[in-house]
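Scroll down for the structure; my scribbles are underneath it.
A short reminder: the numbers here are calculations on the coordinates, not readings from a lab. Here the structure is a predicted model, which is why all the values come from computation and not from measurement. Every residue, glycine as well, gets a Cβ built from its backbone with ideal geometry; the counts of neighbours run over all protein chains shown.
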Amino acid sequence: MKICKLICSTVLLVGMFNTIVVAEDIPALKDVFKDDFLIGTSLVDDIVRGRDHNAVAIVKKHFNAITPDNVMKWDFIHTQPKKYEFDAADRFVDFGRKNNMFIIGHTLIWHDQTPGWVFKDNQGKQLSRDELLERMKDHISTIVGRYKGKVNGWDVVNEVLDPNGSLRNSKWLEIIGEDYIAKAFEYAHEADPNAELYYNDYSIENPEKREGVIRILKDLKAKNTYLTAVGIQGQAWRLDKHYPTTENIEAIINAVAELGYKVMITELTIDVLPNAAKYEGADIKMMARMEKKLNPYPDGLPDDVQQRLADRYAELFGIFVKHKDKISRVTVWGIYDGKNWLNDWPIKGRTSYPLLFDRNYQPKPAFFAVVKTAESK
Ligand code: GLA
């Protein structure tokens, strides 16, 4: 009877928390790079809630900085003009504080995931510059104010440049004008003078966009605007060493540092799948004819591609370590391959492998290659 009780409860426990065990006998990334930069990851609410306990174990062991995936974006946290929904963001911040992590607030002002009402009055008429500035100030001071002294750094503006380096034609730009960026920083600094403040964008290693970043930074400097660092997103960087090239990555790191700001790699993933940008929004299940070509590894990554992924990670971390005096944080976007946005973007339902841990939560060759870059310093 006793034995049955024991077996039954073990089976029950195994059922409740699946049996996969997270590797304990490997070095922790945050220790490996402790003299170089923070090592961060993004968190979805499920993980913060502890519903994926293997992922939680990886986060606690390896990462000392966290960025919320979605829960602080405007459409999650500020759903109606007078309605803020803080539950998930509070949970995220509590998780970081309990685990002694550097907490990043992401993101205050963005063209995406921002509801249409933000730019309109209650009659549906477009707001004036002053009205939109007032709304922006309310949003920023309410959120930054709530987490004052708890969130360490904020992505104040996200993705403000077009590929050619000019300012993106967003509602923020159209209604407020170019100084919406400086205003956002001003409001954030007022709400928490001790928080670090960042500008975060993708493809800024491309020369045209890099020029745009330099223009923005010079403009903010001329206005005496408080800004700490620039985030280079590193989203879906490719296996091919030309996307992006070492030369371009080093050029943006050096350009930002020369202007007196820190650099962060904020959303790193390496895409091993064929580029499918032109099929954005499609579902791989509906594309039977294309499936093999666009989703080549549904049953696992072949050894040679696994090795190329490890080499590419090593190459990139080699650059980061070389520039560690300029880089304050390297964040990967997600924890393990099973839960990452590239499974569903640009095509839904592909099997992607962009991270350091595999679908069974185990470290990939890329993990060990990254660790080696620190050892060879
Ligand atoms: C951008 C945003 C992130 C996230 C990714 C896609 O890079 O900054 O918050 O939405 O897109 O996952």
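Of the beta bridges DSSP finds with both residues in the chain, what % are antiparallel, to the nearest 5?
Antiparallel bridges make up about 10 percent of those DSSP assigns within the chain.
Based on other C-beta atoms within 10 Å, arrange His242, His78, His111 from fewest to most. If you can, show how the numbers build up before the last one.
Numbers: His242 9, His78 23, His111 15.
Arranged by neighbour count, lowest to highest, His242, His78, His111 become His242, His111, His78.
Cut-off is 10 Å between beta-carbons; in what order do Thr266, Thr351 appear when sorted fewest neighbours first? Spell out each step's value before the answer.
Working: Thr266 29, Thr351 19.
With the sparsest Cβ surroundings first, the list reads Thr351, Thr266.
By how many degrees, 0 to 90 and rounded to 10, does the Cα axis of helix 53-62 deviate from the longest principal axis of the chain?
Here the helix axis deviates by roughly 70 degrees.
Apply the a/c threshold of 1.5 to the C-alpha gyration tensor of the stretch 84-218 and tell me whether it is rounded, prolate or oblate. Walk me through the numbers on the way to the answer.
Details: a/c = 1.94, a/b = 1.19, b/c = 1.63.
The shape class here is oblate.
Please grab the % of Cα pairs in the stretch 212-264 that end up more than 13 Å from each other. Provide the component values of the computation, followed by the final result.
Working: 855 of 1378 pairs.
The answer is 62 percent, as a whole percent.
Taking the number of other C-beta atoms within 10 Å as the exposure measure, put Thr107, Thr225, Thr67 in order starting with the fewest. Write down the numbers at each step before the final one.
On the way: Thr107 23, Thr225 19, Thr67 26.
Going from least to most buried by this count: Thr225, Thr107, Thr67.
Treating only the Cβ of Lys, Arg, Asp and Glu as charged (+1, +1, -1, -1), what charge dipole size does the chain show about its Cα centre? Round to the nearest 20 debye.
Details: 52 positive and 54 negative charges, 156 e Å.
Roughly 740 debye, rounded to the nearest 20.
So, in Å, what gap is there between the alpha-carbon centers of the stretch 236-260 and the stretch 107-154?
31 Å
More than 38 angstrom separation, counting every C-alpha pair in the stretch 29-375; what % is that? Please report the intermediate quantities before stating the final value.
Details: 8258 of 60031 pairs.
I get 14 percent for the Cα pairs in the stretch 29-375 exceeding 38 Å.
Restricting to the stretch 77-208, what percent of DSSP beta bridges are antiparallel, rounded to 5?
In the stretch 77-208, approximately 30 percent of DSSP beta bridges are antiparallel ones.
Enumerate the lysines that Lys221 could reach by cross-link, defined here as Cα to Cα under 29 Å, with residues fewer than 8 away along the same chain left out.
Within the straight-line cut-off, Lys221 pairs with Lys73, Lys137, Lys148, Lys150, Lys171, Lys183, Lys209, Lys262, Lys322, Lys324, Lys326.
Just want to confirm a number: the relative contact order over the chain, from Cα pairs under 8 angstrom separated by 6+ residues, in percent.
Values: 640 pairs, mean separation 61.1, N = 377.
Relative contact order here is 16 percent.
If you take the charge dipole of the chain about its Cα centre, with +1 on Lys and Arg Cβ and -1 on Asp and Glu Cβ, which of Tyr336, His111, Leu316 is farthest toward its positive end?
Sorting the options by dipole projection puts first Tyr336.
Lys and Arg at +1, Asp and Glu at -1: add these up for the other residues within a Cβ distance under 12 Å of Ala374 and post the number.
Working: positive: Lys30, Lys34, Lys322, Lys324, Lys372, Lys377; negative: Asp31, Asp35, Asp36, Glu375.
Once positives and negatives cancel, what remains is +2.
Show which lysines lie in cross-link reach of Lys293 when reach means a straight Cα distance below 16 angstrom and same-chain residues fewer than eight apart are skipped.
Lys293 reaches Lys278, Lys285, Lys348.
State whether the stretch 235-377 is rounded, prolate or oblate according to the following rule on the C-alpha gyration tensor (a ≥ b ≥ c being the square roots of its eigenvalues): a/c under 1.5 gives rounded; otherwise a/b larger than b/c gives prolate, and the remaining case gives oblate. If you can, show how the numbers build up before the last one.
Working: a/c = 2.31, a/b = 1.67, b/c = 1.39.
Here the stretch 235-377 falls in the prolate category.
With unit charges on the beta carbons (Lys and Arg positive, Asp and Glu negative) and the dipole taken about the Cα centre of the chain, which residue among Gly212, Ile249, Val21 sits farthest to the positive side?
Val21
Compute the angle between helix 303-322 and the longest alpha-carbon principal axis of the chain, please, reported from 0 to 90 degrees and rounded to the nearest 10.
That works out to roughly 40 degrees.
Under unit Cβ charges (Lys, Arg +1; Asp, Glu -1), what dipole magnitude, rounded to 20 debye, does the stretch 238-369 have relative to its Cα centre? Provide the component values of the computation, followed by the final result.
Details: 19 positive and 18 negative charges, 43 e Å.
Using Cβ point charges on Lys, Arg, Asp and Glu, the stretch 238-369 gives about 200 debye.
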